[in-house]
């Protein structure tokens with residue numbers, strides 16, 4: 001039965017309609033960019049007068065959920081910065097408080113399961129460059145045998161010792177094993193932070209666009225997301241202060257090195273200034289450094305992570321092996337003050353009794369100094385070749401449709417269409433042509449942006465994928 005407002009309820013009719021539409025938007029039933037019916041049409045459907053629908057639309061426009069333009073109608077906002085997104089009861093009864101993947105991402109994930117579709121969205125190292133450990137190497141590294149019991153709540157002591165040594169040598173970060181929590185990938189670290197250190201209704205700031213924007217975990221925690229604009233040096237520093245004054249920002253999330261999706265590398269001075277402001281305002285700074293070590297062969301290395309500059313414990317530093325070594329192991333780590341690590345370790349123990357002890361023991365071997373450096377050298381040369389292949393193919397096939405950056409590291413090109421297109425329609429058309437990419441709206445970008453990933457497919461399939469995408473754009477235009 002179709003929903004109708006209840007005339008007997010105490011809540012005014014326009015508020016009932018606004019609440020119903022908000023539930024549909026938050027749950028993903030009405031994804032970003034969805035056009036809404038004209039006021040007269042919806043009024044007829046709900047049996048109310050046009051003014052009631054107009055009031056409901058106005059309330060949702062004021063909250064940032066809807067946008068309108070005279071002559072163009074009303075639609076769900078394409079980017080929801082500043083909107084408090086919380087689990088609604090419909091979504092709760094359908095599947096719990098943890099919200100489902102956003103519709104565009106679900107469409108990408110479904111298409112990615114088809115091996116005939118060329119995947120320019122998958123951010124994983126190609127299987128050809130993922131290292132393997134022989135039985136002999138495992139025996140040598142692990143010793144007498146694999147311990148199959150539960151690990152220490154903070155993680156395998158030998159692995160935390162190795163991570164402490166690793167981040168000191170590779171990143172210039174000084175941390176004791178007690179300041180390190182081993183997690184099931186970097187994403188679990190972000191989830192633990194949002195679950196344990198923040199509360200529903202808290203405001204957080206992050207770069208815009210940002211990979212973190214694509215994660216339903218922040219919406220599931222009931223957090224309000226506010227956008228930090230960026231230039232080529234990093235985030236606009238004073239905007240942190242302005243957002244804090246306006247919204248009482250509780251935490252700042254950043255990705256300063258090879259930022260996903262833009263590829264921006266923050267300058268050293270910008271890193272220092274952001275750290276100073278967060279220290280001054282007493283706001284924790286979460287630094288995601290998943291791609292920081294992945295400088296393309298022949299390119300200049302980036303500045304050290306912000307955590308390497310942090311002497312007061314302002315920064316929570318997140319990293320993993322997923323982009324560099326072995327995504328299937330699901331090994332990540334979080335570095336922070338001992339009191340924070342203890343709190344998160346307790347929550348993690350309640351959640352899963354610790355990351356796989358087998359994976360942790362294998363990670364100790366993979367982080368051995370000489371093996372690590374050989375792998376990073378191998379990956380950087382591979383990514384450099386892949387990046388050149390994709391950019392050459394783009395110049396040949398796509399110069400009339402878009403422009404793109406020239407990344408110094410990481411897995412991605414950040415592209416801007418000369419003429420913005422409907423993201424859902426373009427993605428569907430590309431999938432029909434046999435290629436999948438990531439629309440920029442997934443990361444909170446304005447219409448017309450898209451991310452193309454070159455890490456996964458072979459050289460031949462990258463070239464063919466760009467040809468297919470060009471064909472989709474030709475059909476679209």
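For segment 294-385, the square roots of the Cα gyration tensor eigenvalues, ordered a ≥ b ≥ c, give a/c of at least 1.5 with a/b no greater than b/c, which places it in the oblate category.
Show me the ranking of peptides 349-357, 405-413 by mean Cβ neighbours inside 10 Å, starting with the highest.
Working: 349-357: 16.0, 405-413: 22.1.
The densest-packed peptide leads the list: 405-413, 349-357.
Helix 50-62 and the longest principal axis of the C-alpha atoms of the chain enclose an angle of approximately 20°.
Of all DSSP beta bridges confined to the chain, the antiparallel ones make up roughly 60%. Here 457, 312 are placed in order of increasing Cβ neighbour count within 10 Å, fewest first, which gives 312, 457.
Place the peptides 179-185, 263-269, 279-285 in order of packing, highest mean first, counting for every residue the other Cβ atoms within 10 Å and averaging per peptide.
Sorting 179-185, 263-269, 279-285 by mean packing, highest first, produces 179-185, 263-269, 279-285.
Sorting 401, 476 on the 10 Å Cβ count, fewest up front, what's the list?
Working: 401 19, 476 15.
Going from sparsest to densest Cβ surroundings: 476, 401.
Between the beta carbons of residue 352 and residue 169, assuming R0 = 25 Å, the FRET efficiency works out to 0.25 to the nearest 0.05. On average, how much area does the Cα convex hull of the chain cover when viewed from any direction, in nm²? Projected area, direction-averaged: 24.6 nm².
Once every DSSP H run of n ≥ 4 in the chain is given -39500 (n - 2.57) and the sum is divided by its residues, what mean residue ellipticity at 222 nm do you get, rounded to the nearest 500 deg cm²/dmol? Please list the in-between numbers first.
Values: 16 runs with 199 residues, N = 477.
When only DSSP H runs of four or more count, the value is -13000 deg cm²/dmol.
Applying 1/(1 + (r/R0)^6) with R0 = 60 Å to the Cβ-Cβ distance of residue 339 and residue 432 gives a FRET efficiency near 0.70. Computed packing ranks the peptides 250-259, 103-112, 301-310 as 250-259, 301-310, 103-112, most packed first, by mean other Cβ atoms within 10 Å. What residues of segment 225-244 lie in the reach of a label at residue 280, counting those whose backbone N is under 13 Å from a point 7 Å from the Cα along Cα→Cβ? Only 237-244 pass the distance filter. Footprinting exposure proxy ranking of 396, 348, 323, fewest other C-beta atoms within 10 angstrom first, gives 396, 323, 348. The calculated FRET efficiency for residue 10 paired with residue 388, based on their beta-carbon distance and R0 = 45 Å, is about 0.10. If you wrap segment 407-470 in the convex hull of its Cα atoms and look at it from every side, the mean projected area works out to 4.6 nm². Note that segment 229-373 carries a Kirkwood radius of 16.8 Å, evaluated over its alpha carbons pair by pair.
The numbers here are math on the coordinates, done by the rules we state, and not lab data. None of the values given here were measured: they were computed from a predicted structure. Every residue, glycine among them, receives a Cβ derived from its backbone with ideal geometry; neighbour counts consider all protein chains shown.
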